[in-house]
Amino acid sequence: MLKEFFAVTLTSIYKVVSSNEKGQPEMEKLAIRPQTHSKVVVGRKMGGPMISIGRQLISFEPVGEGITSVERELGKVNEWYWLNNTSFVAALFLNEKDEVEYFTHNTPVVCDPVARDKTMEVLAAIGKDHPQFSISKCENTRLPL
C-alpha cells in the first residue's frame, strides 16, 4: 500500500503521506515556485480523513447521504465536507528526486503530458481501494488524462 507520494501543482510542490501522527492522510507544502503567489505557506500541513487525487488534491470527510454511509468519491460528497485543497495538479511522483527535477526544469501545466507516465505510476500505486487516498472519477474533479 502506498504510504507517500509527491505532487507538483501549478504553484508548488507537496509531500503527501497516508498517515500522520494522528493516523490521517496529510499534504505538506515543500516549496513555492519563484515569482508565484500562493495562499498556503511553505511548511503548512493540511489533512483530513481522506485525500482525493484529481485536478487538485483535496482533503475531505467521506460523508455519504445516509446517517452511517461512507462516500469515497469526492464528486458525490457535499462540498460542506471538503476541507483543504491545493492548486491544480501538474504531475505526481513516487519519489522526491523526480518531483524536484520536474519542478526545477519545467513550467507546469494541468496534468502535464511531459510527466504523464510518472502520474500514471502514482495512480496505479494508489489503486481503487486505498484506505486514505481516493482517485476522483467525477467529471468536474478528475485528472484530465
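Based on the Cβ-Cβ distance from Leu94 to Gln35, what FRET efficiency comes out when R0 is 25 Å, to the nearest 0.05?
Numbers: r = 28 Å, r/R0 = 1.13.
It comes out at approximately 0.30.
Determine the alpha carbon to alpha carbon distance for each of Lys3/Lys118; Lys76/Lys128; Lys22/Lys76; Lys15/Lys97; Lys45/Lys128 and list only those over 18 Å.
Lys22/Lys76; Lys45/Lys128, as the Cα separations exceed 18 Å there.
Does a label point 7 Å from the Cα of Lys15, set along Cα-to-beta-carbon, have any residues of segment 85-105 with amide nitrogen under 18 Å, and which are they?
Hits in segment 85-105 for Lys15 at 18 Å: 92-104.
Please give the net charge around Asn78, taking every other residue with its beta carbon less than 11 angstrom from that of Asn78, where Lys and Arg add +1 and Asp and Glu add -1.
Details: positive: Lys76; negative: Glu61, Glu65, Glu71, Glu79.
Combined, the nearby Lys, Arg, Asp and Glu give -3.
Work from the charge dipole of segment 4-132 (Cβ charges, +1 for Lys and Arg, -1 for Asp and Glu, about the Cα centre) and give the residue of Phe5, Asn85, Ile126 farthest towards its positive end.
Checking the options against the dipole of segment 4-132, the answer is Asn85.
Determine the calculated [θ] at 222 nm for the chain from helices alone, applying -39500 (n - 2.57) to every DSSP H run no shorter than 4 residues and normalising by the residue count; nearest 500 deg cm²/dmol.
-4500 deg cm²/dmol
Would you please name the GluC sites (Glu not before Pro) within segment 44-116 that are DSSP coil residues with at most 15 other C-beta atoms within 10 Å of their C-beta? Before the final figure, lay out each step's value.
Working: sites: Glu65, Glu71, Glu73, Glu79, Glu96, Glu99, Glu101; in loops: Glu65, Glu71, Glu73.
For GluC sites (Glu not before Pro) across segment 44-116 that sit outside H, G, I, E and B with at most 15 neighbouring Cβ atoms in 10 Å, the list reads Glu65.
With angles folded into 0 to 90 degrees, how steeply does helix 96-105 sit against the dominant principal axis of the chain? Use alpha carbons for both and round to 10.
50
Tell me the relative contact order for the chain as a rounded percent, counting alpha carbon contacts under 8 Å between residues six or more apart.
28
Given Val109, Pro62, Pro25, which one lies farthest toward the positive end of the charge dipole of segment 4-132, if we put +1 on the Cβ of every Lys and Arg and -1 on the Cβ of every Asp and Glu?
Final value for the positive-end residue is Val109.
With the crude spin-label approximation of a point 7 Å out along Cα→Cβ, what separation in nm comes out for His105 versus Asp117?
Roughly 1.3 nm, to one decimal.
What ranking, highest mean first, results for peptides 51-63, 18-30 when packing means the other Cβ atoms within 10 Å averaged over each residue?
Per-residue mean Cβ counts within 10 Å order the peptides as 51-63, 18-30.
Considering only DSSP beta bridges whose two residues both sit in the chain, what percent are antiparallel, to the nearest 5? If you can, show how the numbers build up before the last one.
Working: 26 of 29 bridges.
Antiparallel bridges: around 90 percent, rounded to the nearest 5.
Bear in mind these aren't lab numbers, they're just calculated from the coordinates by the rules spelled out. Everything numeric in this text was worked out from a predicted model, so none of it was measured. Positions of Cβ are generated from backbone atoms using ideal geometry, with glycine treated the same way; all protein chains shown enter the neighbour counts.
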